[in-house]
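Engineer: Sharing a structure below in structure tokens format, with a few things to ask.
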């Protein structure tokens, strides 16, 4: 599940037709107050839409969020840049990320979800019982009694052109070892993890189950991760840390189908300036994630220290009545398609119950 290069486009997965589907701007109905509006179209957003639609809540889903750092949110979420998903139940042979998101969307549309190809750029949340107001990239104002935020979190990348080219085409660069590390392309191959914190150590330790050799590449001479996590990684005989190194370039060669595949990374020593090549078949970037919350930073919602929406309990309820959060935007721990979908289910059920308590459903 990898995301980093965000190009907001009109994608095929937003144009699937069905007899029940709706896709349009809602500018002609600005006086309408919707029961549920969902922001974001990854696993949590589409699952929220499926549950809300089947509960006759007439959900409206906005596919993305504009003006984010490092860029706008890609419709379909992180899975749109994942070539193979092998750990989602129901797909015994695996499934391409975009194909799975297409199926999610088809199912949401089947039950009557309204899909809008605009971005939400700002939210005015109300705590006085009046509807919430959402502002779109087209200058429209949309009102909703309940809002589900499902905008996800974006992986932090090194910013290399060669890195992103391979990340977006399944060429051997990933930001999620748990998602991709067990794929056949990485088994019994030398692998590299970029980073020095607990996340990098956890990812690298996981990869030692599959890679012939797992390198942690760290720009300093000391890891930031906990001693326990360091020991856990280094206790593996196929584990090694390369100190004082940064990645300059991802080197690739075409396979038999003409697709570029990673074969090495070019490194630079931060002390001596010496450059070298490290042969690897996979590079996993583990330098953190950024939750897609820039557009709601001044909305009155509460966030944790890392910028994720702060959910005080196991429910999806935020500190603002009628506003719910689902998926990676409120989950810094798991960041998996299946956990995001589960949270989307929670958010829709929570919204339905809340609307019922207000006499609005």
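The values are calculated or read from the model by the stated rules, or taken from the named source; none is laboratory data. Everything numeric in this text was worked out from a predicted model, so none of it was measured. Every residue, glycine as well, gets a Cβ built from its backbone with ideal geometry; the counts of neighbours run over all protein chains shown.
Engineer: Out of all the residues in the range 187-216, which are on the phi > 0 side of the Ramachandran plot and in contact (Cβ under 8 Å) with a residue 60 or more places away in the chain? Break it down stepwise before answering.
Structural biologist: Here is the first cut: in the range 187-216, the residues on the phi > 0 side of the Ramachandran plot are 188, 195.
Matches in the range 187-216: 195 only.
Engineer: Would you tally the residues in the range 96-109 being farther than 16 Å from residue 62 by Cβ and in contact with a helix residue (DSSP H, G or I) (Cβ under 8 Å, 6 or more places away or on another chain)? Give the derivation first.
Structural biologist: Narrowing the range 96-109 to residues farther than 16 Å from residue 62 by Cβ: 96-100, 102-103, 106-107.
Remaining after also requiring in contact with a helix residue (DSSP H, G or I) (Cβ under 8 Å, 6 or more places away or on another chain): 97-98, 100, 102, 107.
Number of matching residues: 5.
For (1) at pLDDT 95 or above; (2) farther than 25 Å from residue 286 by Cβ, each residue gets a yes or a no:
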residue	(1), (2)
299	no, yes
302	yes, yes
305	no, no
331	no, no
347	yes, yes
353	yes, yes
360	no, yes
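Engineer: Now, a different point. Restricting attention to the range 75-115, report how many residues are under 20 Å from the mean Cα position of the chain (by Cα) and part of a strand (DSSP E or B).
Structural biologist: Final tally of qualifying residues: 3.
Engineer: Checking the condition in the same structural domain as residue 120 (by TED's automatic domain parsing), outside any strand (DSSP E or B) and free of Cβ contacts under 8 Å to residues at least 60 places away in the same chain, which residue from 301, 311 passes?
Structural biologist: Working: 301 fails: free of Cβ contacts under 8 Å to residues at least 60 places away in the same chain.
Selected residue: 311, the only one of 301, 311 that is in the same structural domain as residue 120 (by TED's automatic domain parsing), outside any strand (DSSP E or B) and free of Cβ contacts under 8 Å to residues at least 60 places away in the same chain.
Engineer: Now for a separate question. Only one of 126, 41, 130 is at pLDDT 75 or above, closer than 25 Å to residue 290 by Cα and not assigned by TED's automatic domain parsing to the domain that holds residue 164. Can you tell me which? Steps first, answer last, please.
Structural biologist: Numbers: 126 fails: closer than 25 Å to residue 290 by Cα; 130 fails: closer than 25 Å to residue 290 by Cα.
Exactly one residue qualifies, and that residue is 41.
Engineer: So for the range 289-299 (the condition being more than 23 Å from residue 170 (Cα to Cα) and more than 19 Å from the chain's Cα centre (by Cα)), does at least one residue qualify?
Structural biologist: Within the range 289-299, one or more residues are more than 23 Å from residue 170 (Cα to Cα) and more than 19 Å from the chain's Cα centre (by Cα).
Engineer: (1) crowded, with 16+ Cβ neighbours inside 10 Å; (2) outside any strand (DSSP E or B); (3) not assigned by TED's automatic domain parsing to the domain that holds residue 78: which one isn't true of residue 295, the others all being true?
Structural biologist: Evaluating residue 295 over (1) crowded, with 16+ Cβ neighbours inside 10 Å; (2) outside any strand (DSSP E or B); (3) not assigned by TED's automatic domain parsing to the domain that holds residue 78 leaves (3) as the failure.
Engineer: Kindly indicate which of 271, 246, 214 is within 21 Å of residue 178 (Cα to Cα) and not assigned by TED's automatic domain parsing to the domain that holds residue 149.
Structural biologist: Among 271, 246, 214, only 214 is within 21 Å of residue 178 (Cα to Cα) and not assigned by TED's automatic domain parsing to the domain that holds residue 149.
Engineer: Here is a further query. Could you check, for the range 178-186, whether at least one of its residues is outside any strand (DSSP E or B) and at pLDDT 95 or above?
Structural biologist: Taking every residue of the range 178-186 in turn, at least one turns out to be outside any strand (DSSP E or B) and at pLDDT 95 or above.
Engineer: When you scan the range 333-361, how many residues do you find that are closer than 27 Å to residue 103 by Cβ, in contact (Cβ under 8 Å) with a residue 24 or more places away in the chain and either in a loop (DSSP other than H, G, I, E, B) or not assigned by TED's automatic domain parsing to the domain that holds residue 148 (or both)?
Structural biologist: So the count comes out to 2.
Engineer: Still on this model: Specify the residue that is farthest from the chain's Cα centre (by Cα); the eligible residues are those in the range 307-340 that are within 12 Å of residue 289 (Cβ to Cβ) and surrounded by fewer than 24 Cβ atoms within 10 Å (Cβ to Cβ).
Structural biologist: 307
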